[in-house]
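Worksheet: one structure, shown below.
The values are calculated or read from the model by the stated rules, or taken from the named source; none is laboratory data. None of the values given here were measured: they were computed from a predicted structure. Positions of Cβ are generated from backbone atoms using ideal geometry, with glycine treated the same way; all protein chains shown enter the neighbour counts. Protein only, heavy atoms only, side chains kept; ligands, DNA and RNA dropped before computing areas. Shrake-Rupley method; radii C 1.70, N 1.55, O 1.52, S 1.80 Å.
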Amino acid sequence: IKLAGVHSVASCFVVPMATGMSLTLCFLTLRHKRPKAKYIIWPRIDQKSCFKSMVTAGFEPVVIENVLEGDELRTDLKAVEAKIQELGPEHILCLHSTTACFAPRVPDRGLGLVELMLSFRAWTKILWFQ
């Protein structure tokens with residue numbers, strides 16, 4: 001992993017697994033850092049393994065529907081912010097986002113999601129799915 005450019009890592013454990021199991025393990029690991037969390041904010045993508053991994057890890061997916069802009073489906077940042085305020089940041093494990101998807105949906109507004117998360121300062125975990 002150091003050859004890949006991550007020089008600050010002390011060690012790593014690489015396990016060849018499919019997407020769903022890998023995500024489940026990530027969520028279970030994050031649970032130790034946020035024991036009060038029970039929700040995962042998820043801007044919707046039609047990918048079953050993402051959804052099933054959240055449920056398998058014991059969390060409630062909070063699906064944020066996308067908005068139609070022109071001929072693209074885009075991340076609804078206002079809906080994400082409203083849901084964080086409604087649920088309370090302390091009850092949210094992470095924001096589960098994507099950088100790749102099929103048309104007409106386009107990748108999530110990553111920078112906007114990061115800025116939104118930093119504005120709450122109560123949680124700073126974002127899990128990207130590609």
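Would a scan of the range 33-41 turn up a residue that is touching a Phe, Trp or Tyr at 6+ places or on another chain (Cβ under 8 Å), part of a helix (DSSP H, G or I) and charged (D, E, K, R)? So far as the range 33-41 goes, no, none of its residues is touching a Phe, Trp or Tyr at 6+ places or on another chain (Cβ under 8 Å), part of a helix (DSSP H, G or I) and charged (D, E, K, R). Among residues of the range 36-50 being modelled with pLDDT of 90 or more and open to solvent by 70 Å² or more (accessible area, probe 1.4 Å), the one that is nearest to the chain's Cα centre (by Cα) is 38.
Residues that are in contact with a strand residue (DSSP E or B) (Cβ under 8 Å, 6 or more places away or on another chain) and in contact (Cβ under 8 Å) with a residue 12 or more places away in the chain: does the range 1-18 have at least one? Taking every residue of the range 1-18 in turn, none turns out to be in contact with a strand residue (DSSP E or B) (Cβ under 8 Å, 6 or more places away or on another chain) and in contact (Cβ under 8 Å) with a residue 12 or more places away in the chain.
Checking each residue in the range 8-26 for being at pLDDT 75 or above and within 21 Å of the chain's Cα centre (by Cα) picks out 17, 18, 19, 20, 21, 22, 23, 24, 25, 26. Specify the residue that is modelled with the lowest pLDDT; the eligible residues are those in the range 61-109 that are among the acidic types (Asp, Glu), more than 13 Å from the chain's Cα centre (by Cα) and in a loop (DSSP other than H, G, I, E, B). Here the residue is 71.
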